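Peer 1: Submitted below is the structure of interest, expressed as structure tokens.
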Amino acid sequence: MGLLDRHVGLHALNREVHATGVNPFGIRMERVLSATEAMIDGRKTLLVGTNNYFGLTFDQSCIDAACEAIRSEGTGTTGSRICNGSYSQHLLLEKELAEFYGKKHCMVFTTGYQANLGVISTLVGPEDFLLIDADSHASIYDAVKQTQAEVVRFRHNDPSSLEARLRRLGDKPGNRLVVLEGVYSMLGDSAPLKEFVAVCKKYGAYVLVDEAHSLGLLGDNGRGLCEAVGVLQDCHFIVGTFSKTLGAIGGYCVSNEPDFDILRISTRSYMFTASSSPGTIASVRQALKIMKEKGPELRKRIWDNVATLYDGLAAHGFKLGPEHGPVVAVHLPDPMTAIGFWRSLLEAGIYVNVVVPPATPNNLSLLRCSVSAALSREQLKHMVEVMAGIGRQLKVIGPAAQAAAAE
Ligand SMILES: Cc1ncc(COP(=O)(O)O)c(C=O)c1O
């Protein structure tokens, strides 16, 4: 057996996908025109799958800040902060993020993936318990592979399931760390965070919330779901990313835990990788400034856009994720229908993500649309009509779909 033969299941899917003529996992953006448009297959394409929630990737002030930093500090740091030192901008960004959340400490990571991987796996040790939602992001599951703690999974978004597991642990020694996400990345559903936090308090568990998809979008100041439901001070660790709302790349963790900084010399994904480049950090600092200044306006725009897309698709009879969210997930009956739908949409000049098992919860086949404040209402209404046309053609909406559902 060859080294790659164990991926036999994926090879079969890959072959089937390639036979359709386009590979959804190998899309080439020939030219990126703006936060919402790119040239794909020689065609101007609307981007509704890129998590560019505030559309800041082409903001002139962020670009200027990045260019200025590259000119003065160079293109890269060429090493980790424990070896090559921190640049002033790393420290300033950490201070600004800590202040933004009203927390004492902040650590910036090169990606959000590394923030989750490192913080979660390092916080808990062999005596401890790590409790995670079943639908957690891959970065959380990868932290599970690295931790020495005992891992316990609870049902997605179900505080009673978490409570049952905490109760079962009884008075076993060791800390309990519960990991949640503000908004889940596949279905766009938000956690019942208030209820989860109440359970954690009852059982003396620490809480870590990943606000990757809620930074900027929720809460009066855009601090995420923790702020929106009034539990910011009850959450011991908040993790987030710069790769979505802030339009760059990187991750962070903020906390009030007094010895938090010990993570700087114990977290492998912080210590053994190069730190973020000066250009990236400068653009993130500027994006954070924009988020603070223009947050209310940008939030209104994105939530109006979410309503246009979600309600428009729902009115045509599409089965969607459970609630309005920055991710609007369209359920399709099987992987090949999802890929066929995705391909027709791309041919019509609209790019979304197609996600199929094993990457999805409950083996769902989904078209994952991520909404941006930079999209216009007209663009989204056009998208709804295009999707309705394809949906009818593929019989996933309309009388044929209803008859099949009734059987
Ligand atoms: C919930 C969640 N956490 C973490 C990450 C990782 O973020 P990054 O892109 O910064 O690595 C993602 C990105 O997809 C995510 O969806």
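Peer 1: Which number in (1) away from the ligand (no atom under 16 Å from the Cβ); (2) buried (at least 21 other Cβ atoms within 10 Å of the Cβ) marks the one condition that Asn52 misses?
Peer 2: Condition (1) is where Asn52 drops out.
Peer 1: Just one of Cys200, Cys253 is farther than 20 Å from Asp135 by Cα and surrounded by 24 or more Cβ atoms within 10 Å (Cβ to Cβ); which is it? Steps first, answer last, please.
Peer 2: On the way: Cys200 fails: farther than 20 Å from Asp135 by Cα.
Every option except Cys253 fails the conditions.
Peer 1: Scan segment 200-222 residue by residue and report those that are away from the ligand (no atom under 16 Å from the Cβ) and over 24 Å from Arg165 (Cα atoms). Full working, then the answer.
Peer 2: Looking only at segment 200-222, we keep the residues that are away from the ligand (no atom under 16 Å from the Cβ), and these are 200-206, 219-222.
Scanning segment 200-222 gives Gly219, Asp220, Asn221, Gly222.
Peer 1: Here is a list of conditions, (1) polar (S, T, N, Q); (2) loosely packed, with under 10 Cβ neighbours inside 10 Å; (3) within 16 Å of the ligand (Cβ to nearest atom), and Gln60 meets all of them except one; can you say which number that is?
Peer 2: Answer for Gln60: the failing condition is (3).
Peer 1: Continuing with the same structure: From Leu345, Leu380, Leu366, which residue is over 16 Å from Ala314 (Cα atoms) and at pLDDT 95 or above? Break it down stepwise before answering.
Peer 2: Details: Leu380 fails: over 16 Å from Ala314 (Cα atoms); Leu366 fails: over 16 Å from Ala314 (Cα atoms).
That would be Leu345, the only listed residue that is over 16 Å from Ala314 (Cα atoms) and at pLDDT 95 or above.
Peer 1: Ok, one more. Return the residues of segment 94-129 that are assigned to a strand (DSSP E or B) and either in contact with a Lys or Arg (Cβ under 8 Å, 6 or more places away or on another chain) or at pLDDT below 95 (or both); say none if nothing qualifies. Full working, then the answer.
Peer 2: So in segment 94-129, the residues assigned to a strand (DSSP E or B) come out as 105-109, 129.
Passing the criteria: Cys106, Met107, Phe129.
Peer 1: Here's a follow-up. Can you find, within segment 91-104, the residue that is nearest to the chain's Cα centre (by Cα) among those that are surrounded by 20 or more Cβ atoms within 10 Å (Cβ to Cβ) and away from the ligand (no atom under 15 Å from the Cβ)? Give the steps one after another, and end with the answer.
Peer 2: To start, the set of residues in segment 91-104 that are surrounded by 20 or more Cβ atoms within 10 Å (Cβ to Cβ) comprises 93, 97, 101, 103.
Those still in the list that are away from the ligand (no atom under 15 Å from the Cβ) too: 101, 103.
Numbers: Tyr101: 19, Lys103: 22 Å.
Among those residues, the one meeting the criterion is Tyr101.
Peer 1: So which residues in segment 127-138 are touching a Leu at 6+ places or on another chain (Cβ under 7 Å) and in contact (Cβ under 8 Å) with a residue 60 or more places away in the chain?
Peer 2: Leu131
Peer 1: I've got another one for you. Quick check, is Val152 in a helix (DSSP H, G or I) and modelled with pLDDT of 95 or more? So that I can check it myself, show each step before the final result.
Peer 2: Values: in a helix (DSSP H, G or I): no; modelled with pLDDT of 95 or more: yes.
When the stated conditions are applied, Val152 does not pass them.
Peer 1: Taking into account only those residues within segment 136-165 that are within 16 Å of the ligand (Cβ to nearest atom) and crowded, with 20+ Cβ neighbours inside 10 Å, which is nearest to the chain's Cα centre (by Cα)?
Peer 2: Among them, the one singled out is His137.
Peer 1: Shifting gears a bit: I'd like the full set of residues that are farther than 15 Å from Phe341 by Cα, surrounded by 12 or more Cβ atoms within 10 Å (Cβ to Cβ) and free of Cβ contacts under 8 Å to residues at least 60 places away in the same chain, limited to segment 19-29.
Peer 2: Of everything in segment 19-29, just one residue is farther than 15 Å from Phe341 by Cα, surrounded by 12 or more Cβ atoms within 10 Å (Cβ to Cβ) and free of Cβ contacts under 8 Å to residues at least 60 places away in the same chain, namely Met29.
Peer 1: Let me ask something else about it. Consider segment 229-244. How many of its residues are of a type outside the set (Lys, Arg) and either near the ligand (Cβ under 10 Å from one of its atoms) or within 10 Å of the chain's Cα centre (by Cα) (or both)?
Peer 2: First, the residues of segment 229-244 that are of a type outside the set (Lys, Arg): 229-243.
Now restrict to residues that are either near the ligand (Cβ under 10 Å from one of its atoms) or within 10 Å of the chain's Cα centre (by Cα) (or both): 239-243.
Within segment 229-244, residues that are of a type outside the set (Lys, Arg) and either near the ligand (Cβ under 10 Å from one of its atoms) or within 10 Å of the chain's Cα centre (by Cα) (or both) number 5.
Peer 1: Can you name the condition, by its number, that Ser80 falls short on among (1) under 20 Å from the mean Cα position of the chain (by Cα); (2) more than 27 Å from Ser185 (Cα to Cα)?
Peer 2: (1)
The values are calculated or read from the model by the stated rules, or taken from the named source; none is laboratory data. Values in this document were obtained by computation on a predicted structure and should not be read as measured data. Neighbour counts run over all protein chains shown; Cβ positions are idealised from the backbone, glycine included.
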